[in-house]
């Protein structure tokens, strides 16, 4: 006789008849919505495997479990509450203050209401391989009305789970949401009940008035649906241990300059975006947050770009973190293993290669920005600059004392040998343009950097390799760039061969040593980039969309990594005053939590693009390092020629 299924009273779906998908999508586009939460109002939590975004009002609007690139169970960030969120808030709050506790990702939110004060602690505990999100709200003054709302929608808001009550191994009642391979278990002092929200969506909702000294403690655990229900996390112990572990990691940073709070927070973000098991480093924690609100420049950055990861590694190494270099090198060996011709520009967190791009038509997008994309078609592009960033990072690791393994060096030899022929071909460049391939100057310069680091590995570290061939190719690339990437009429390097315009990637010429930082051609190029792309003090577009065939409609806003690159270039040229001014701008942009997105709109004062963005944070970190190096060299505090009227 078949067994009876568990009760489903908490899981009964909406009784309305099913609507055809095309009509549902139309309704989603036309339904009036509250204004989107500004990106600067989101905090990020992380456990070394994945991340969550929490709004100022205590709503977890984005969470992919158990990995950065897993489908989201809470996707309100790209839609509305009906696409999944976990809200714990004081709805009567008249003011909200937030901070991370010390150098950690334990978030404290203080709600002030007319009748009292409540403090909410949010954290994703570290260290034991679990995937938990824990929340503790306590009333410290008066009485506070608290609202708790939990709505799980797997598959980026598309899949309604089976929700039912269970008993966990400790004998406590819990609410479990199951769909396919995923299970989320909600536990706590007081569990919400299934009911409809004010918006008509079925969720688990509770409202309670708490008095001074009272608290509410809840936790959410992801686990494979086929395994037994796991034990509840030990909240107080794990939150304190998590705070301690983040703080201990941050204290190892070798930086004591004027930007220490911003540098340490940026280093912490880079560590948060590093998978603690595989060593892969993702570019951001989100997908499809728009560069141009309402437009189509919406991309999935929850993958491991070799370029971004290599730059992250350099930033960490410059501040004393070596174990991350070893972990990432092992990740690299696994990810790119095989024929050098098959090397991709990006991989999954676990090194997987299949990242097909598709659109999620059921989501209206952040501020109506569609399409919402998962996966990334740039995975199939040729970008000849990538090996340059990788070889620069591995060269820095060797210089920092990270011992080279036979397998790692063998891989580098094969990749550099392949580059000896490939650098002559056009590519899609660092900006991953979806227009026609070009001979991008930056790509050629980074090919030179890859060959240069290979030559130096032989000369400085005694590693074996065809050094004469590499020297010849290195010299050939250098001559090619000087012959075709330099525009004599304009007196500047240009974006690609035959162009008359620049792009911000040219700021990296001095960083990789293609020419000395003080070379007149480098100085002229930095000045030209600023003249062409700087739209507000210290804020630059990465390129002019009206001059670059990137295959997309619309525009974008200043790209924050470019500010870091500008400050870095100025510092290397000895312009301490100019570099400091740009870094002052960059470090003033984050809100109270110190997080940077991909872009910034100086007109509205709003962050744009995916958040938090590794490239923005690593550029800040490296610029601060270069400024310190300039100060140690005793560089003049006077601005460089031609920049006295700039910030």
All but one of (1) surrounded by fewer than 22 Cβ atoms within 10 Å (Cβ to Cβ); (2) under 35 Å from the mean Cα position of the chain (by Cα); (3) in contact (Cβ under 8 Å) with a residue 24 or more places away in the chain; (4) not in a loop (DSSP other than H, G, I, E, B) hold for residue 501; state the number of the condition that does not hold.
(4)
If a residue has to be touching a helix residue (DSSP H, G or I) at 6+ places or on another chain (Cβ under 6 Å), at pLDDT 95 or above and either part of a strand (DSSP E or B) or under 24 Å from residue 105 (Cα atoms) (or both) to count, how many in the range 126-159 make the cut?
1
Subset of the range 588-617 that is more than 21 Å from residue 367 (Cα to Cα) and more than 17 Å from the chain's Cα centre (by Cα) - its residue that is surrounded by the most Cβ atoms within 10 Å (Cβ to Cβ):
592
Scan the range 567-577 and give yes if some residue there is in a loop (DSSP other than H, G, I, E, B), over 14 Å from residue 630 (Cβ atoms), assigned by TED's automatic domain parsing to the domain that holds residue 520 and touching a helix residue (DSSP H, G or I) at 6+ places or on another chain (Cβ under 8 Å), otherwise no.
no
Would you check if there is a residue in the range 312-326 being closer than 15 Å to residue 612 by Cβ and touching a strand residue (DSSP E or B) at 6+ places or on another chain (Cβ under 9 Å)?
yes
Mind telling me which of the residues 217, 207 ends up being under 34 Å from the mean Cα position of the chain (by Cα), outside any loop (DSSP other than H, G, I, E, B) and closer than 20 Å to residue 111 by Cβ?
217
Hey, among 367, 341, which residue is closer than 19 Å to residue 412 by Cβ, part of a helix (DSSP H, G or I) and out of contact with any helix residue (DSSP H, G or I) (no Cβ under 6 Å at 6 or more places or on another chain)?
341
Restricting the range 622-638 to residues that are at pLDDT 50 or above and assigned to a loop (DSSP other than H, G, I, E, B), the one nearest to residue 511 (Cα to Cα) turns out to be 633
Return a yes/no flag: does the range 225-242 have any residue that is surrounded by 14 or more Cβ atoms within 10 Å (Cβ to Cβ), touching a residue at least 60 places away in the same chain (Cβ under 8 Å) and more than 30 Å from residue 169 (Cβ to Cβ).
no
The one condition residue 412 fails out of (1) without any contact (Cβ under 8 Å) to a residue 12 or more places away in the chain; (2) farther than 26 Å from residue 503 by Cα; (3) part of a helix (DSSP H, G or I) is (1)
Could you please find all residues in the range 370-392 being out of contact with any helix residue (DSSP H, G or I) (no Cβ under 9 Å at 6 or more places or on another chain) and part of a loop (DSSP other than H, G, I, E, B)?
371, 375, 376, 381
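The values are calculated or read from the model by the stated rules, or taken from the named source; none is laboratory data. Note that this is a predicted model, so its numbers are computed, not measured. In this analysis, Cβ positions are derived from the backbone assuming ideal geometry, glycine residues included, and neighbour counts consider all displayed protein chains.
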